[in-house]
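This report concerns only the one structure given below.
The values are calculated or read from the model by the stated rules, or taken from the named source; none is laboratory data. For clarity, every value in this text was computed on a predicted model and none was experimentally measured. Here the Cβ is made from the backbone with ideal geometry for all residues, glycine too, and neighbour counts use every protein chain on show. Note: accessible area is taken over every heavy atom of the protein model, side chains too, but ligands, DNA and RNA are not part of it. Shrake-Rupley method; radii C 1.70, N 1.55, O 1.52, S 1.80 Å.
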Amino acid sequence: MPPGPNGKIRCPECGKQFYRRDLLRSGPRFRTWLLAGVMAILAISAGAGSWIHSGRWTSPFPSMALVMLSNSPAGEYGTEIRRELNRRVIDGKIPSYLSEAIAGTVVSDLRDDQNRGNAHLAMRLLRSLWPESRAALEEELRFNDPQSRTLATGLLQSLAAAPTAEILESTIKDLRDDSGAPAWYLRQRNAISATGYLLKWYPECAELVRSAMHSDDIQQRFLAAAICGYAGDTEAMHQAIPILASHVTDNDHWGDAKLAAPALYRFGPAAIPLLGRYTSSDDEQLRCSVLHIIERIEYPEKTWDQCTNRMPRVTHVTDDPLCLRLVRAAQDIGFY
């Protein structure tokens, strides 16, 4: 049948029109787009296999998706989703607008749980996310978990330019003896750190420190009194001096006199009338220490070895026990 005016041939049976060239083709027909699609599927499959076997199958995920998944069971600590998120935080590849949301997730790892090592990693991540992590850390101070509160307090102490009332109130709690508490190794030296921090910001926390001298915890009461002494707070000396004097006596608390004696000395001349009551004490260490302290206050030009009343040897760190710094003395005693 000859072709029509449009160059097509009509089928006499079905009535469809075909170009002559189409009628001459035979066998399977492969189209270019089909071949390309097959090749793309193979390439994606090969890439996905590589990601899965390498443990980095989450690397193509956008950060927003990782943040959303981190708040679900699929993104708990130890999962590949959380590991990928942690890697991006450490590498500084997280957009700033996501940092606060990430901090809200990571800060829960500071708590006392069954995941060993996650608190140390969380502290590193929260430092990297600062200052966007500040709100999450301050909120954690209110959470009823001693471990996370202490760790969050330490981070805020080191990162914040100035303390807030919440930071100071939490720091006061760290003066307590928590050496026997669960996971104490994460909080070791927190009392020493708190002592130095409160002395640095004493004008802002004077009332809190004075109140701590009423504590039922011996360590907290003693450290609060020592801070008042090193700060020269004469308003608190009526309460602090008896506490410190009890630690200058020859007692069963190893090394406490090396902190108590210089604290008494730093109250200055105003403390002499209160110290005078101990000059006739039956405890030789207390009596000799107080007499030496009074002589040094009255004759500031004298050195420790020029005094008539010699100071008992309460420390081997320095020849002059009254010049020992607060934090150094607390370290030598071994406070937690």
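A few remarks follow.
- Test: residue in segment 229-248 that is of a type in the set (A, V, I, L, M, F, W, C), farther than 21 Å from residue 294 by Cα and modelled with pLDDT of 95 or more: no
- Of all residues in segment 291-336, exactly one satisfies the criterion of being aromatic (Phe, Trp, Tyr) and at pLDDT 90 or above, namely 299.
- Which numbered condition residue 256 misses (of (1) farther than 21 Å from residue 198 by Cβ; (2) crowded, with 21+ Cβ neighbours inside 10 Å): (1)
- Members of segment 221-234 that are buried (at least 24 other Cβ atoms within 10 Å of the Cβ) and not β-branched (Val, Ile, Thr): 222, 223, 224, 225, 226, 228, 229
- Against the numbered list (1) touching a residue at least 40 places away in the same chain (Cβ under 8 Å); (2) in a helix (DSSP H, G or I); (3) open to solvent by less than 50 Å² (accessible area, probe 1.4 Å), residue 208 comes up short only at (3).
- Scanning segment 242-266 for residues that are assigned to a helix (DSSP H, G or I) and without any contact (Cβ under 8 Å) to a residue 40 or more places away in the chain yields 242, 243, 244, 246, 247, 260, 264.
- Cβ pairs under 8 Å, 6+ apart, first in segment 63-84 and closer than 11 Å to residue 102 by Cβ, second open to solvent by 80 Å² or more (accessible area, probe 1.4 Å) and at pLDDT 90 or above: 63/93
- Just one of (1) more than 17 Å from the chain's Cα centre (by Cα); (2) surrounded by fewer than 20 Cβ atoms within 10 Å (Cβ to Cβ); (3) assigned to a helix (DSSP H, G or I) fails for residue 84. It is (2).
Every residue, every condition in (1) open to solvent by 50 Å² or more (accessible area, probe 1.4 Å); (2) more than 24 Å from residue 191 (Cβ to Cβ); (3) among the hydroxyl-bearing types (Ser, Thr, Tyr); (4) in contact with a helix residue (DSSP H, G or I) (Cβ under 7 Å, 6 or more places away or on another chain), yes or no:
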{"residue": "111", "(1), (2), (3), (4)": "yes, no, no, yes"}
{"residue": "114", "(1), (2), (3), (4)": "yes, yes, no, no"}
{"residue": "136", "(1), (2), (3), (4)": "no, yes, no, yes"}
{"residue": "141", "(1), (2), (3), (4)": "no, no, no, yes"}
{"residue": "152", "(1), (2), (3), (4)": "no, no, no, yes"}
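- Counted residues, segment 87-103 - those being within 18 Å of residue 60 (Cα to Cα) and either polar (S, T, N, Q) or open to solvent by 80 Å² or more (accessible area, probe 1.4 Å) (or both): 2
- Counted residues, segment 264-291 - those being under 42 Å from the mean Cα position of the chain (by Cα) and under 14 Å from residue 248 (Cβ atoms): 11
- Filter pass, residue 198 being assigned to a helix (DSSP H, G or I), closer than 13 Å to residue 167 by Cα and open to solvent by 50 Å² or more (accessible area, probe 1.4 Å): no
- Residues located in segment 154-194, provided they are of a type in the set (S, T, N, Q), open to solvent by less than 20 Å² (accessible area, probe 1.4 Å) and at pLDDT 95 or above: 170, 171
- Any hit, segment 232-240, residues being among the β-branched types (Val, Ile, Thr), touching a residue at least 12 places away in the same chain (Cβ under 8 Å) and not in a loop (DSSP other than H, G, I, E, B): no
- Selection from segment 121-133 of residues that are open to solvent by less than 70 Å² (accessible area, probe 1.4 Å) and within 13 Å of the chain's Cα centre (by Cα): 121, 122, 123, 125, 126, 128, 129, 130, 133
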